[in-house]
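These notes are about the structure you will find just below.
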Amino acid sequence: MDIDSIDGIDYTDPSLAPDPYRHLDYLAAHCPVYREPHHGVVMVTGHEEAITVLRSPDVFSSATLIAGPDPWSLLPERPEGDDITEFVNAHREYLPQNDQIVTADPPVHTAQRALLMGLITPKRLKENEEFIWRLTDRQLDYILPRGTAELMADYAQPYTLLIIADLLGVPEEDHAMLLARRGLGQMPGTRPAPDAEHKPATHGHNTLEIFYDYFSAKIAERRARPRGDVLTGMAQALFPDGTVPEPIEVARIASNLFAAGQETTVRLIATALRRIAEEPELQAQLRGHPDQVSRFVEETLRTEGPILGEYRIALKTTELGGVKIPAGTQVFLSNGAANRDPRQFECPAEFRATRENVRRHIAFGHGVHTCPGAPLARSETRITIERLLERTTDIRVNEEAHGPANARRYTYLPTHMFHGIATLHLDFTVKD
Amino acid sequence: MATIAHREIRVDRTLCMGSGQCCWYAPNTFDQDDETVAIVIDPQGDPADQINAAVNGCPTRALSLVETEEQ
């Protein structure tokens, strides 16, 4: 691969989905900041350069996070000048998910994030680990006796839902209604509608609105009658200036916690289990050494994390990695590429289950927007793998669904922002 | 007797999300324990500007610097 062939590739082409890393790896190694010719987007694929962007929300705004390669087609006009901060702030309503914390910049973001502080932490999850184990076993009890399962629908989707709902304090009788609002009908043990699996929850404008009235009511309830759950923590949290948020302000963040992290965690679990099923030696090693599972999960996040990239918009004219970036430039920040930057990770395309510096990956982002659900995604994935390895003697790829070992067939999400397989059929030999 | 300003680094374990980002900016000052919660291994392990970057860069504001005076 060379730069001429790179210039010919439109990074948004869905046909790249099965192997987006071929051209991303080239970019990270050779041109970590690159203005691609198809949309005029500046792609940031270098690790150090990505960190600089993520550490500079005053220069690189999240307002266009999921607005695609051409946010200006959504906005009424394009201003001149080397600082468009005021313009962007005055026109956020034109951009998708504009009422969600993920698109906010400081100081608005700082205030919203305060409502989440301390609620999903390794310490809290450790204290609640027994409940995660219980829900893990409950969902495994459903799939293991059959000896085969489609991991997404039969396990990962209902499992991640049960856990976040339980942590938040959403009662089980409400799960079906909330899922139906989202357009995903699956409950533990049932399959989603056939066309539902290619729709990340982040398409369109403020797609989480469907949950706002429900969570607003719950926040008001928790203020009247506090309980020990995460919703209570959010209901009682104050903005940094000491003011009490309106229930809707809390509801937006609760909706994000409820819905946004699930798809990504589901993909992470699938990617990790596919590798375990495809590599018997690695499977045996992890079965014998459960203490190595954490690092294995981190290396999975590094090599094939669920987020390929996200957008930022340059509010001010700046320079990055020797490339001039005029104000108004849409920037595609590729977490997936930065995690495979050879300046940061030795032999980056190689999967090394015990890589020393693996936690320097930015699969969960970096800086103020670092994924608040990261501790939960890590726990869910680790405990799933530990329990599944312990309760089986063998995990294999189902050849009827995915073909023989030398000719596997997997379907990938057809998007340049996420990476993951659509379905994963596995067979198990259950331990006596 | 002169008073010496002493900077103490505090970690709020209930806020820390285990992002490990402090270890990037000040790798000789911070580490993570078995639960991935940040710990201070050497309060003077790195130059002050790196420690400041780590403290200010914490995504959950779990780190703080407290100035105390020692006799």
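May I ask you to evaluate 6.51 cos²θ - 1.76 cosθ + 1.60, the Karplus curve with θ = phi - 60°, for each residue of the stretch A:245-258 and list the ³J(HN,Hα) values in order in whole Hz, giving x for glycine and proline?
My calculation for the stretch A:245-258 gives x, 5, x, 5, 5, 6, 4, 4, 6, 4, 5, 5, 4, 5 Hz in order.
Would you mind checking the tilt of helix B:48-57 against the longest principal axis of the Cα atoms of chain B, expressed as 0 to 90 degrees and rounded to 10?
The two axes meet at around 40 degrees.
Could you work out how far apart the two model spin labels at residue A:126 and residue A:90 are, taking each label as a point 7 Å from the Cα in the direction of the beta carbon, and quote it in nm?
Rounded to a tenth, the inter-label distance reads 5.1 nm.
Give me the one-decimal nm value for the distance between modelled label points at residue A:405 and residue A:236, 7 Å along each residue's Cα-to-Cβ direction.
The answer from the label model is 5.5 nm.
In whole Hz, with x marking every Gly and Pro, tabulate ³J(HN,Hα) for the stretch A:111-123 from phi via Karplus 6.51 cos²θ - 1.76 cosθ + 1.60, θ = phi - 60°.
3J(HN,Hα) across the stretch A:111-123, in whole Hz: 5, 5, 5, 4, 6, 9, 4, x, 8, 10, 10, x, 5.
For residue A:420, list long-range residues whose amide hydrogen, built 1.01 Å from N in the peptide plane, is under 5 Å from its own amide hydrogen.
Those qualifying (amide H under 5 Å, at least 5 residues apart or on another chain) are A:413.
Take the Cα radius of gyration of chain B and divide it by 2.2 N^0.38 Å, with N its residue count; two decimals is plenty.
1.11
Counting Lys and Arg as +1 and Asp and Glu as -1, each charge on the Cβ, what is the dipole of chain A about the Cα centre in debye, to the nearest 20?
The calculation lands at about 1000 debye.
Where the only charges are on Cβ atoms (+1 Lys, Arg; -1 Asp, Glu), what is the dipole of the stretch A:280-432 about its Cα centre, to the nearest 20 debye?
Taking the Cα centre of the stretch A:280-432 as origin, the dipole is about 520 debye.
Can you compute the helix-only [θ] at 222 nm over the protein assembly as shown? Use -39500 (n - 2.57) per DSSP H run of at least 4 residues, normalise by all residues, nearest 500 deg cm²/dmol.
-11000 deg cm²/dmol
Determine, for the protein assembly as shown, the count of lysine pairs separated by eight or more sequence positions (or lying on different chains) whose alpha-carbon distance falls under 29 Å.
5
Which shape class applies to chain A: rounded if a/c is under 1.5, otherwise prolate when a/b exceeds b/c and oblate if not, where a ≥ b ≥ c are the square roots of the Cα gyration tensor eigenvalues?
Here chain A falls in the oblate category.
Using a Förster distance of 30 Å, how high is the FRET efficiency between residue A:349 and residue B:56, based on the Cβ-Cβ distance and rounded to 0.05?
With R0 = 30 Å, the Cβ-Cβ based efficiency is 0.30.
Residue A:77 to residue A:281: extension gain in nm, 0.36 nm per residue of separation minus the Cα-Cα distance?
The residue A:77-residue A:281 span can extend by a further 67.7 nm.
Could you give me the ³J(HN,Hα) list for the stretch A:333-350, computed from phi with Karplus coefficients 6.51, -1.76, 1.60 and θ = phi - 60°, whole Hz, x at Gly and Pro?
The phi angles translate into 8, 9, 4, x, 6, 4, 6, 10, 6, x, 6, 9, 10, 5, 6, x, 7, 7 Hz.
Obtain the nm distance between the two label points defined at residue A:176 and residue A:48 by a simple spin-label model: each point lies 7 Å from its Cα along the Cα-to-C-beta direction.
In this crude label model, residue A:176 to residue A:48 measures out at 5.7 nm.
Restricting to Cα pairs below 8 Å that are 6+ residues apart, what does the relative contact order work out to for the stretch A:3-430? Please round to a whole percent.
Reported as a whole number, the value is 27 percent.
Where a number appears in this text, it was derived from the coordinates with a stated rule and is not lab data. Owing to the predicted nature of the structure, the values given are computational and were not obtained by experimental measurement. All Cβ positions, even for glycine, are placed from backbone atoms using ideal geometry, and neighbour counts span all protein chains on display.
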